[in-house]
Amino acid sequence: LGDASSDSDSDDDSDGGRAPAWASPERGLDEAVALFDAWAAPDAAEIEREEDFRRRLEEALPYGASALLRGSRASRVALFDADVDFVVDGPVSLDAVAEAIDARPWSRRVEVVRARVPIATGADATSGL
């Protein structure tokens with residue numbers, strides 16, 4: 001993740017127009033990619049918020065259902081601002097899942113989207129995810 005005290009490896013890209021450390025033309029491609037990956041990856045606090053959200057989601061689900069992490073966060077290639085994708089496994093309808101989540105005080109909103117792959121989308125007021 002780099003040493004935050006080093007000016008050349010700073011991950012702060014809001015320093016008056018100077019390029020962030022990972023975008024410096026003096027760096028080789030491998031080093032630049034590694035620095036960008038470290039800069040963009042969710043930190044330990046965000047990973048804990050994700051896990052806390054998963055626990056609360058599973059508590060909200062009807063009996064017999066579980067939440068399985070999928071998408072970019074499951075493969076650990078998510079950027080710090082990525083959404084969280086779960087597959088609900090078990091003998092439960094999407095409408096029942098949406099209703100169970102919507103009934104929780106931490107649920108900001110839930111919407112069922114009936115597309116090619118039906119989904120329930122929403123936001124967690126506690127973690128911001």
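The values are calculated or read from the model by the stated rules, or taken from the named source; none is laboratory data. Keep in mind that what you see is a predicted model, and the values were worked out from it rather than measured. Counting neighbours? That spans all protein chains shown, and the Cβs are built from the backbone with ideal geometry, glycine included. Heads up: the accessible areas ignore ligands, DNA and RNA and are worked out on the full protein's heavy atoms, side chains in. Shrake-Rupley method; radii C 1.70, N 1.55, O 1.52, S 1.80 Å.
Taking the range 102-124, which residues are among the hydroxyl-bearing types (Ser, Thr, Tyr) and at pLDDT 85 or above?
So in the range 102-124, the residues among the hydroxyl-bearing types (Ser, Thr, Tyr) come out as 107, 121.
The answer is SER107, and nothing else.
Given (1) open to solvent by 60 Å² or more (accessible area, probe 1.4 Å); (2) modelled with pLDDT of 75 or more; (3) in a loop (DSSP other than H, G, I, E, B), where does ARG27 come up short, assuming only one miss?
(1)
Check whether at least one residue in the range 92-104 is more than 22 Å from ARG49 (Cβ to Cβ), of a type in the set (D, E, K, R) and touching a strand residue (DSSP E or B) at 6+ places or on another chain (Cβ under 9 Å), and report yes or no.
Yes, some residue in the range 92-104 is more than 22 Å from ARG49 (Cβ to Cβ), of a type in the set (D, E, K, R) and touching a strand residue (DSSP E or B) at 6+ places or on another chain (Cβ under 9 Å).
So which residues in the range 116-125 are closer than 19 Å to ASP89 by Cα and of a type in the set (A, V, I, L, M, F, W, C), if there are any at all?
Within the range 116-125, VAL117, ILE119, ALA120 meet the criteria.
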